1. Give me the distance between the Cα centres of region 3-30 and region 78-125, rounded to whole Å.
2. Express in nm, to one decimal, how much length is gained between Gln30 and Lys76 on full extension, taking 0.36 nm for each residue of separation and deducting their alpha carbon distance.
3. Solvent-accessible area per residue for region 21-76 at a 1.4 Å probe radius, Å²?
4. For P(r) over Cα pairs in 10 Å bins from 0, in percent, one of (i) 12, 30, 32, 18, 7, 1, 0; (ii) 13, 50, 33, 3; (iii) 13, 44, 30, 12, 1 was computed from the structure I shared and the rest are decoys. Which label?
5. Take Arg102 and Thr116, extend 7 Å from each Cα along the Cα→Cβ direction, and tell me the distance between the two endpoints in nm.
6. Roll a 1.4 angstrom probe over the protein heavy atoms and tell me the percent of accessible area of region 82-125 that is carbon or sulfur.
7. Could you run the Karplus curve 6.51 cos²θ - 1.76 cosθ + 1.60 with θ = phi - 60° over region 74-91 and give me ³J(HN,Hα) per residue in whole Hz, x for Gly and Pro?
8. Can you give the FRET efficiency for Glu94 and Met7, using 1/(1 + (r/R0)^6), R0 = 30 Å, r = Cβ-Cβ distance, to the nearest 0.05?
Amino acid sequence: MAYDSTMNDNDKLEQLFSEQQYMVLAVVQQDGAPWVVPVRIQARSGNEFEWDSALTTEHSKALSVNEKMAITIFDKKVDSQVGFYAKGTAKLVEEFKPGFGRYKFTAEQCWINDETFVKREVSLG
């Protein structure tokens, strides 16, 4: 379903979050190099996003040293688009089987961008 130009930013974001199953994580590795990877969104509540990962992945290893990270969720339609961008911190909240865990990202600052190409700060509450 297209994003209606009469929708406010929060309505656009709720539609985006309800339709998209993946987000892209951006972390900083121990050597200072950036690392980005898509992950499946397992849960979202307010400004918190959860995903599952092996503890040995590059992003999991990076988060064990530096909790700062960013995410993006983006959707492009024929005549509209919405992008969500956030920075914050993440941590392992549960190891539910050996070597595999649930991570939670808490967004501290968030933005939306759409077909107007105007970046706007938003609050997820």
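The values are calculated or read from the model by the stated rules, or taken from the named source; none is laboratory data. Treat the numbers as computed from the prediction; the structure is a model and nothing was measured. Backbone-built Cβ (ideal geometry, glycine too); neighbour counts: all protein chains shown. Ligands, DNA and RNA are stripped out before the accessible areas are found, and what is left, the full protein with its side chains, is counted by its heavy atoms. Shrake-Rupley method; radii C 1.70, N 1.55, O 1.52, S 1.80 Å.
1. Taking the Cα centre of region 78-125 as reference, the centre of region 3-30 is 7 Å away.
2. Working: separation 46, 0.36 × 46 = 16.56 nm, distance 3.34 nm.
In short, 13.2 nm is gained.
3. Working: 3070 Å² over 56 residues.
On a per-residue basis, 55 Å².
4. Label of the calculated value: (iii).
5. The answer from the label model is 3.7 nm.
6. Answer for region 82-125 is 52 percent, counting heavy atoms of protein chains only.
7. 9, 9, 10, 9, 4, 10, 7, 7, 9, x, 10, 9, 8, 10, x, 10, 9, 8
8. Numbers: r = 35 Å, r/R0 = 1.17.
Once rounded, the FRET efficiency stands at 0.30.
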